[in-house]
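Every number in this text was worked out from the coordinates using simple rules, so none of it is lab data. Keep in mind that this is a model prediction, so the values were computed, not measured. Note: ideal-geometry Cβ built from the backbone for every residue, glycine included; neighbour counts use all protein chains shown.
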Amino acid sequence: MPITTGFNHVATLTSDMQRTVGFYEAVFDAKVTFEVEPFEGHPWLKIVDVGGGAALNIFEVPEETIIGERRKLGGRGAIDHFAFLVDSRATLHQVKRRLEDAGAEAVGEIQELGGELSLFFRDVDGMELEVCCPADAAPAE
């Protein structure tokens, strides 16, 4: 059994804090729990609770300092993508509608991958991400 209990947070970069945080609030009901205003040598940071004890640490940096191509596999940097976990098929379908309503790019179709149902999408910064639930979770209503 692993000594860890899961992920604590994933750090990500944006050039527009309000847009990015607003997206996660609208789609996932995420909540800002902590903020560090920018100061010499440190960018603006918001810690956003995404549930299950996990968070996004979102840093606002100038667009030109974000290296890589977020829309291209292998060009996204050291973290290619991360996945949110939801409890059921119904919640997964709800998130799909919310992503579409929020104007998320490239919202895919729900597919079965191994023992999980998976939905890929791009957030407002173009980062490819995923939402999953167990494949044997209750069917969507």
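A few points about this structure:
- Given +1 at the Cβ of Lys and Arg, -1 at the Cβ of Asp and Glu and no other charges, the dipole of region 9-134 around its Cα centre is 280 debye to the nearest 20.
- Between GLU130 and ALA83, the contour length at 0.36 nm per residue exceeds the Cα-Cα span by 16.5 nm.
- With helices as the sole contributors, the chain gives -5500 deg cm²/dmol at 222 nm; each DSSP H run of n ≥ 4 counts as -39500 (n - 2.57), and the sum is divided by every residue.
- Separation of the MET1 and ARG97 label points, Cα + 7 Å toward Cβ, nm: 3.9
- For region 24-141, alpha-carbon Rg over 2.2 N^0.38 Å: 1.15
- Label point distance in nm, ASN8-GLU40, each placed 7 Å from Cα along Cα→Cβ: 2.8
- With Cα atoms, 0 to 90° folded angle of helix 89-101 axis to the chain main axis: 40
- Rounded tilt (10° steps) of 17-28 against the dominant C-alpha axis of the chain: 10
- With both residues required to sit in the chain, DSSP beta bridges show an antiparallel share near 75%.
- FRET E, pair GLU25, LYS72, Förster distance 22 Å, beta-carbon r, rounded to 0.05: 0.20
- Relative to the current alpha-carbon distance between LEU113 and THR33, full extension at 0.36 nm per residue lengthens the span by 25.5 nm.
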